[in-house]
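This report concerns only the one structure given below.
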Amino acid sequence: MKKINLIAITIIFALILSSCESTQVAGEIGTNTAAQKPSSSASVDEPSPDAYGQGSVIVRPDDGRTVVGISMPDKLLERWNHDGIFLKEHFEKEGCEVVLKYANNLIDTQINDIRSMIDEGADLLVITAVDGAALSSILGKAKSQGIKIVAYDRLLMNSDAVDYYVSYDNYKVGVLQAEYIIAALGLKNSKDSKNIEFVTGDPVDNNARYFYQGAVDTLFPYLENGKLKVISNQQGFYDTSTAQWSSDIAQQRLQIILNSYYPENVRLDAVLCANDSTALGATRAIDSDYAGTNKVIVTGQDADVPNIYNIIEGKQSMTVFKALRDESVVAVALGLALLADDSPDGQLIANSGWNFDCTYNTTDYDNGSKVVPSFLLSPITITKDNLEKELFDTGYYSRNRAGLIYAVE
Ligand code: GAL
């Protein structure tokens, strides 16, 4: 290439580069934080929250739109598909513009999703975190622009940018699963000991800890007095956890436990699974690798459709149902109040006319930066016996003409 051209091209290239950089900074809140200018791969690295002048809110021009950003963790786990649709349709019915995104269970993707919602002019963010502790920077950015934030189902940690938390009483989920096992194994009156294994949730999901604590607190007396034994000795939160709530990981772990600790003469009586995707993995492992012939008690949560079939067929014993439509109704009511610059309290429930239980809690949900005011709904136990009444007669689920079960959206 002729020397002269080379020089010319280099100069042109340098000019282009410098113009890109200036554009990027302008697009981001960081104009006055040149030192904090994000690197080219800044898609993930957010300047620290105080770079956004936590104290000061940047007033964005009112563009006449009401934009709600809904950030969901993953599409592979059945429930979030329903939550996303319930929330989107309900906010749209109320005249909001909705941006709904799924993060494939990836933290970086979720941070990018939320940033793009902020850049698209979101006035309210409704977020279910992949990792509750990984969002404090981007939440700080949202707060610095006066954006309201609702933590949906999973508490957002280490951030004072969170305005409200909506969820089910997740400690009670664990209690219901444990109470079912105590009753099903007749532990109160049984003379001989029973064997149990634990398949708990994703350790980065703040809810997983509540499920686990509710379950082990309730089973503790029996674990303590030896009526309930954990042959694998895997009982801790992390030992028994399942990354990404993955059915395959749950299946593989239980297969290893069954092959290592449950030869033919060792009986497994129960597997406490924290949710339905892990229960699917557990029932597959029992099908393929359990040498015993007794019916193993298996718990779950979420009433996912494949698990409803397994409960009808007796492969899974129970699931904990949380009516997602009701949870979204509370989140939308809260969101609309926040968009109206209101800061609702328990009165929201009193004035709501909702036909489901909901409590207002201002003491228990400390996210490490503040105690987040929370609205909590009440979960229920579903078994083969009450499934028709609680899921189908209520209209949460239905069957199509071919008799196939589906969740009503
Ligand atoms: C939890 C949620 C449960 C279950 C689980 C896996 O945070 O509360 O209902 O869905 O995630 O997605």
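The values are calculated or read from the model by the stated rules, or taken from the named source; none is laboratory data. Not measured: the values here are computed from a predicted model. When we count neighbours, we look across all protein chains shown, and the Cβ atoms used for this are built from the backbone with ideal geometry, even at glycine.
General remarks:
- Scope the range 118-137; condition surrounded by fewer than 24 Cβ atoms within 10 Å (Cβ to Cβ) and β-branched (Val, Ile, Thr); matching residues: 118
- For residue 286: the one exception among (1) buried (at least 24 other Cβ atoms within 10 Å of the Cβ); (2) more than 23 Å from residue 378 (Cα to Cα); (3) of a type in the set (A, V, I, L, M, F, W, C): (1)
- Here residue 179 passes the criteria (1) surrounded by fewer than 21 Cβ atoms within 10 Å (Cβ to Cβ); (2) over 21 Å from residue 275 (Cα atoms) except the one numbered (2).
- For the range 160-189, the set of residues classified as assigned to a loop (DSSP other than H, G, I, E, B) and either within 17 Å of residue 133 (Cα to Cα) or without any contact (Cβ under 8 Å) to a residue 40 or more places away in the chain (or both) consists of 160, 161, 162, 163, 186, 188, 189, listed by residue number.
- Scope the range 122-150; condition within 16 Å of the ligand (Cβ to nearest atom) and either over 24 Å from residue 341 (Cα atoms) or of a type in the set (Gly, Ala, Ser) (or both); matching residues: 129, 130, 131, 132, 133, 134
- The range 299-324 - residue that is within 16 Å of the ligand (Cβ to nearest atom), part of a helix (DSSP H, G or I) and over 15 Å from the mean Cα position of the chain (by Cα) and, of those, surrounded by the most Cβ atoms within 10 Å (Cβ to Cβ): 307
- Residue match in the range 142-149 (condition: at positive phi and over 17 Å from the mean Cα position of the chain (by Cα)): yes
- Tally, over the range 209-268, of residues that are acidic (Asp, Glu) and touching a helix residue (DSSP H, G or I) at 6+ places or on another chain (Cβ under 9 Å): 2
- Counted residues, the range 151-184 - those being within 15 Å of the ligand (Cβ to nearest atom) and within 18 Å of the chain's Cα centre (by Cα): 17
- Residues located in the range 215-237, provided they are farther than 18 Å from residue 297 by Cα and within 16 Å of the ligand (Cβ to nearest atom): 237
- Which listed residue, of 202, 192, is within 14 Å of the ligand (Cβ to nearest atom), in a loop (DSSP other than H, G, I, E, B) and either modelled with pLDDT under 95 or surrounded by 20 or more Cβ atoms within 10 Å (Cβ to Cβ) (or both): 202
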